[in-house]
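Here's the structure, in structure tokens; my notes come after.
Rule-based calculations on the coordinates, nothing more; no lab input. Values in this document were obtained by computation on a predicted structure and should not be read as measured data. Note: ideal-geometry Cβ built from the backbone for every residue, glycine included; neighbour counts use all protein chains shown.
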Amino acid sequence: VLAFSACDTVKQVAGSAYNVTQCKYDFNNVSKLSISGMDVTRGISIASLPQIMQILCGSSSSIPLNMTVNLDVTNPNQSAAVLSGLSYILSIDGVDFTSGNVNKSLNVPAGGSQTLPVEMGFDLKTLLSGDSAGAATNIVKNLIGIGNSKSEVTLKIKPVVNVAGFSVPSPVYI
């Protein structure tokens, strides 16, 4: 009985892990975008421009940028895909900006779609120096609606599935 039960668990784990890696992950939008606590989700107004410039050009030791990247997860499989979390790496114009983990469960039914919010943040002050300065400046301009050149944004994710109470990450980033 234990052998059959173990085989069923292995099949279930393999199926769930396979389903998660076969899902399509698409960018939906960015929400809850803030720079140093100032909401800039809808861009900036002329009235808020002086405050943004003060934040970006001021003498503060850090400039926290926080946002939620919403991903649409589509499951093309014949059975559910269940994530128990994921690891991510956000790169902009070839520069790794931030990485982290999301510990949220998501159950995407067979043939269905769900939105997965990935909350992330990083310190712009650190990124505005050194090799990443050009990419950081460009993305800030684009995020607040005053940029004139596109940024190449890459989000690599490594889904995690729960197996008998243990978190098992995908072997590769998607």
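Using +1 at the C-beta of Lys and Arg and -1 at the C-beta of Asp and Glu, which of Ala80, Asn162, Tyr18 has the Cα lying farthest in the positive direction of the dipole of the chain?
Checking the options against the dipole of the chain, the answer is Ala80.
With θ set to phi - 60°, apply the Karplus curve 6.51 cos²θ - 1.76 cosθ + 1.60 along region 128-138 and write out the HN-Hα couplings as whole Hz, x wherever there is a Gly or Pro.
Each residue's phi maps through the Karplus curve to give 7, 10, x, 5, 8, 4, x, 5, 5, 4, 4 Hz.
So what J values fall out for region 23-34 if you push phi through Karplus, 6.51 cos²θ - 1.76 cosθ + 1.60 with θ = phi - 60°, rounded to Hz, Gly and Pro as x?
5, 9, 10, 10, 5, 9, 6, 10, 10, 6, 7, 9
Based on the Cβ-Cβ distance from Asn142 to Asn107, what FRET efficiency comes out when R0 is 30 Å, to the nearest 0.05?
Efficiency, from the Cβ-Cβ distance: 0.35.
Over the alpha-carbon set of the chain, divide Rg by the Kirkwood Rh and report the Rg/Rh ratio to two decimals.
The Rg/Rh ratio comes out at 1.09.
Assigning unit charges at the beta carbon (Lys, Arg +1; Asp, Glu -1) and nothing else, what dipole magnitude in debye, to the nearest 20, does the chain show about its Cα centre?
Numbers: 10 positive and 10 negative charges, 30 e Å.
For this selection, approximately 140 debye.
Normalise the Debye intensity by I(0) for region 97-174, one equal point scatterer per Cα, no solvent, then take log10 at q = 0.13 Å⁻¹ and round to two decimals.
Values returned for q = 0.13 Å⁻¹ are -0.61.
Can you list the residues, at least 5 places off or on another chain, whose amide H is less than 5 Å from the amide H of Val153, using H built in the peptide plane?
Correct list: Asp93.
Give the Debye-formula value of log10 I(q)/I(0) at each listed q (0.19 Å⁻¹), with one equal scatterer per alpha carbon of region 39-123, two decimals each.
Taken in order of the listed q values, log10 I(q)/I(0) reads -0.96.
Using a 10 angstrom Cβ neighbour count of at most 11 plus a DSSP loop assignment to flag exposed trypsin sites (Lys or Arg not before Pro), which longest range of the chain is free of such sites?
43-149
Starting from the Cα of Lys104, draw a straight line to each of the lysines and keep only those under 23 Å, dropping any in the same chain fewer than 8 residues away.
Correct list for Lys104: Lys24, Lys32, Lys156, Lys158.
Using the Karplus curve 6.51 cos²θ - 1.76 cosθ + 1.60 with θ = phi - 60°, what ³J(HN,Hα) values do you get for each residue of region 41-58, in whole Hz, with x for Gly and Pro?
3J(HN,Hα) across region 41-58, in whole Hz: 4, 9, x, 10, 9, 4, 5, 8, 4, x, 5, 5, 5, 5, 5, 6, 9, x.
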